[in-house]
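The values are calculated or read from the model by the stated rules, or taken from the named source; none is laboratory data. Since the structure is predicted, the reported quantities are computational estimates derived from the model, not experimental observations. Note that each Cβ is placed from the backbone with ideal geometry, even for glycine, and that neighbours are counted across all protein chains shown. Side chains included, ligands, DNA and RNA excluded: accessible areas come from the protein's heavy atoms. Shrake-Rupley method; radii C 1.70, N 1.55, O 1.52, S 1.80 Å.
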Amino acid sequence: MSIDKTQIRHAATVIVLRNRLTDPHILMGQRGAKAVFMPNKFVFPGGAVDAGDAKISLATPMGSPCAERLLDESAEDMTHALGVAAIRELFEETGQVLGQPGTWDGEVPADWVDFAATGHMPHAAPLQFVFRAITPPGRPRRFDARFFLIDADDLVSDPDDFSAASDELSHLQWVSLAQARSFDMPFITEVVLSEIQARVGDTSPPASVPFFNNNDEESLFARLHGKPQDR
């Protein structure tokens, strides 16, 4: 079945933070020059939720209060599917494994075969929901993207080994948080970076989550489960 690219698709993005208390770095890569959405830009790994993501079993579910934050301003419960999509996209685009040791039941879906071969099940407990943004109207692709923060220590893979990554992102690297803005990145990535910088020393989930809501009538910047953000 073909996908209507004009529809707003649910998406998950993962920000991996390394050495957060001493010399914080984040994992980024560059999109291809021929990409329809944000060509050549440096971005965090992530992508759209697939239809099969809701059917994938998790070793651990997403924790509280992040799971509850995902329900706010949402017409349906996408918590499980978003967690799965975040882990799948992280693995596909970087080769990094967010998992716990485990055995898959039955036939492993084609897009999870390589992940399962590592001997792990997807592990959503470390995912912290830290930002949400809807792509503005008029773009070739529109996403309702949820951004999740994890610590590199939660990975079970070698954080410097990108050999299992697909070719969706090039120049995969750990970028100093202090120097990240020198890279050519989308506006929304810069906004998320500011949020990460503000809470780099705080390992607890945020009390409320910024929501950049670009709907067809207006753009609103609010906080989920919190008071409206100052303009």
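What is the chain's relative contact order, in percent, from Cα pairs under 8 angstrom and six or more apart in sequence?
Details: 458 pairs, mean separation 63.9, N = 231.
Relative contact order here is 28 percent.
For the pair Ser166 and Ser57, what calculated FRET efficiency results from E = 1/(1 + (r/R0)^6), where r is the Cβ-Cβ distance and R0 = 30 Å, to the nearest 0.05? Write down the numbers at each step before the final one.
Values: r = 23 Å, r/R0 = 0.76.
With R0 = 30 Å, the Cβ-Cβ based efficiency is 0.85.
If I model a spin label as a point 7 Å beyond the Cα along the Cα-Cβ vector, how far apart are those points for Val156 and Ala117 in nm?
The two pseudo-label positions are separated by 1.6 nm.
Quick one: which of 171-182, 79-90 comes out on top by average Cβ neighbours within 10 Å, and what's the full order, highest first?
Values: 171-182: 14.8, 79-90: 25.5.
Taking the mean over residues of other Cβ atoms within 10 Å, the ranking is 79-90, 171-182.
If we count every other residue with Cβ under 15 angstrom of Ser64's Cβ, Lys/Arg +1 and Asp/Glu -1, where does the sum land?
On the way: positive: Arg69; negative: Glu68, Asp72, Asp77.
In short, -2.
Quick check: net charge around Phe91, other residues with Cβ under 11 Å of its Cβ, Lys/Arg +1 and Asp/Glu -1? Before the final figure, lay out each step's value.
Numbers: positive: Arg88; negative: Glu89, Glu92, Glu93, Asp111, Asp114.
Residues close to Phe91 contribute a combined charge of -4.
If you restrict to DSSP beta bridges whose two residues both lie in the chain, what percentage is antiparallel, to the nearest 5?
Numbers: 28 of 41 bridges.
Taking every DSSP beta bridge within the chain, about 70 percent pair in antiparallel fashion.
For a label point 7 angstrom out from the Cα of Ile8 toward its Cβ, which stretches of region 168-211 have the backbone nitrogen within less than 15 Å?
Only 211 pass the distance filter.
With N residues in the chain, what two-decimal value do you get for its Cα radius of gyration over 2.2 N^0.38 Å?
On the way: Rg = 16.7 Å, N = 231, 2.2 N^0.38 = 17.4 Å.
Working it through for the chain, the quotient is 0.96.
What does the convex hull of the alpha-carbon atoms of region 122-175 project to on average, in nm²?
Over every viewing direction, the Cα hull of region 122-175 projects on average to 5.5 nm².
Using protein chains only and a probe of 1.4 angstrom, how many square angstrom of Phe143 are accessible, to the nearest 10?
40 Å²
Which value in nm describes the separation of the simple spin-label points at Ser176 and Arg141, placed 7 Å from the Cα toward the beta carbon?
Label at Ser176, label at Arg141, 3.1 nm between them.
Would you mind pulling out the separation of the Cα centroids of region 47-74 and region 81-139, in Å?
10 Å
Pick out, from Thr13, Pro109, Leu127, the residue whose Cα sits farthest towards the positive end of the charge dipole of the chain, with +1 on the Cβ of Lys and Arg and -1 on the Cβ of Asp and Glu.
Checking the options against the dipole of the chain, the answer is Thr13.
Taking the Cα centre of the chain as origin, sum charge times position over the Cβ atoms of Lys and Arg (+1) and Asp and Glu (-1), and report the length of that vector in debye to the nearest 20. Write down the numbers at each step before the final one.
Numbers: 20 positive and 33 negative charges, 144 e Å.
The calculation lands at about 680 debye.
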